[in-house]
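Taking it in order: structure first as structure tokens, then the write-up.
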Amino acid sequence: MGVYDPQIGVGTSGTRPALGRNYATNAATAGRVLTSQGDNLPPTWTAPAPGVAPVAQTLFVDAVNFSATPTGTLGAPFQTIQAAVNQAVANAWTQVQIIVAPATYADPIAIPLALEMVIIQGWGPATFLLGTIIGGDITYTSLVAGWANLILRDVNITAANIATANPAAEDLTLIMQDVICAAVVTAFNIQMDLQATNQSADVTAGGGLVVGFDGYSWQRHVLSAPTFSAVGAYARAMNDAGHDKSVETATVNGVAIGTTVFLDLAVPLVTLNDHVSVTVVDPAARDFLVGGHCCTAGQATIWLTNLSRVSTNFADDIEVLIHHQQMIQE
């Protein structure tokens, strides 16, 4: 399917444990500075469905440390994912990224027509003991060219179902990265991209089904043996051409609290369109968010958001785990 997008893992502040684990991919200019209400963490996404643009709006959710007067910023998060969805609709946004703190979220999530694309991002790996657990069913009614577009990252899905509201007619693009998913997925035409994901439940398409697997996701698919079925054609794409690892030093000064900057890292082993996991080596560096934005030949562009570091300077080693997406002729 050729889907490449950044993933936000979080090195945390306050009393939360360090959970940093991040992902990369598409194209930015180093040195750009972004500001918004609290944080602006804009991913860039090349969609398998037509008509989908990058997301530029972010809201925060924390079931434990939520605000009595939430606005969706990092300092005033919502209590539920549904509240963040409702706020995005109230803001007249068509796309939103929702960053969700570790807790169990049992309420169902209904995503209305107004939101063409939704990213739900956990604050750390789904295998973490205190990770982000979504127990309520996710229902998405589509809008753009018949497609609903949902991206899930670093979450544990214990819900029974992920579906479009009308699976006999509405299509679903579902991208999952670092996800444990026990939900049955149902829609008409389905396009899925699985990266480091265990989809242990069935996937049923009333039309066609296309699924992209990396090596880990395919291994878990074989072991879990869920039924992937389609009334129409079912096609599989293997998006894994091996792995490499590199440690690079990221240095940037003068990043004001609540501000995001882009930084280019020279990583000789990276090739165009690779999928990159980015981790801060020092577990004490919890006051910066770090994530991947793009890959070009020999270079990974990362973003850094200062959550609370008063010095405003970042000079830390970054471990880059490279998931090659294209076979290289030797």
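The values are calculated or read from the model by the stated rules, or taken from the named source; none is laboratory data. All values derive from a computational prediction rather than experimental measurement. All Cβ positions, even for glycine, are placed from backbone atoms using ideal geometry, and neighbour counts span all protein chains on display.
Points worth noting:
- Entry remark, region 275-303: residues being more than 16 Å from the chain's Cα centre (by Cα) and either closer than 20 Å to Gly75 by Cα or assigned to a loop (DSSP other than H, G, I, E, B) (or both) number 10 in total.
- Evaluation of Phe188 against (1) out of contact with any Asp or Glu (no Cβ under 6 Å at 6 or more places or on another chain); (2) farther than 20 Å from Ile81 by Cα (one fails), failing number: (1)
- Candidate set from region 147-184 (those that are polar (S, T, N, Q) and outside any strand (DSSP E or B)); member that is nearest to His275 (Cα to Cα): Thr158
- Flag for Gly136 being in the same structural domain as Ile109 (by TED's automatic domain parsing), touching a Gly at 6+ places or on another chain (Cβ under 6 Å) and touching a residue at least 12 places away in the same chain (Cβ under 8 Å): no
- Strands (runs of 3 or more DSSP E) within region 185-242 that include 3 or more residues surrounded by fewer than 18 Cβ atoms within 10 Å (Cβ to Cβ): 234-238
- Just one residue in the set Thr260, Thr249, Thr186 is in the same structural domain as Leu307 (by TED's automatic domain parsing), touching a residue at least 24 places away in the same chain (Cβ under 8 Å) and within 23 Å of the chain's Cα centre (by Cα); that residue is Thr260.
- Matching residues, region 61-71, being farther than 16 Å from Pro102 by Cα and either within 19 Å of the chain's Cα centre (by Cα) or crowded, with 18+ Cβ neighbours inside 10 Å (or both): Pro70
- The residues in region 304-318 that are among the hydrophobic types (A, V, I, L, M, F, W, C) and either in a loop (DSSP other than H, G, I, E, B) or over 14 Å from Val255 (Cα atoms) (or both) can be counted, and the count is 3.
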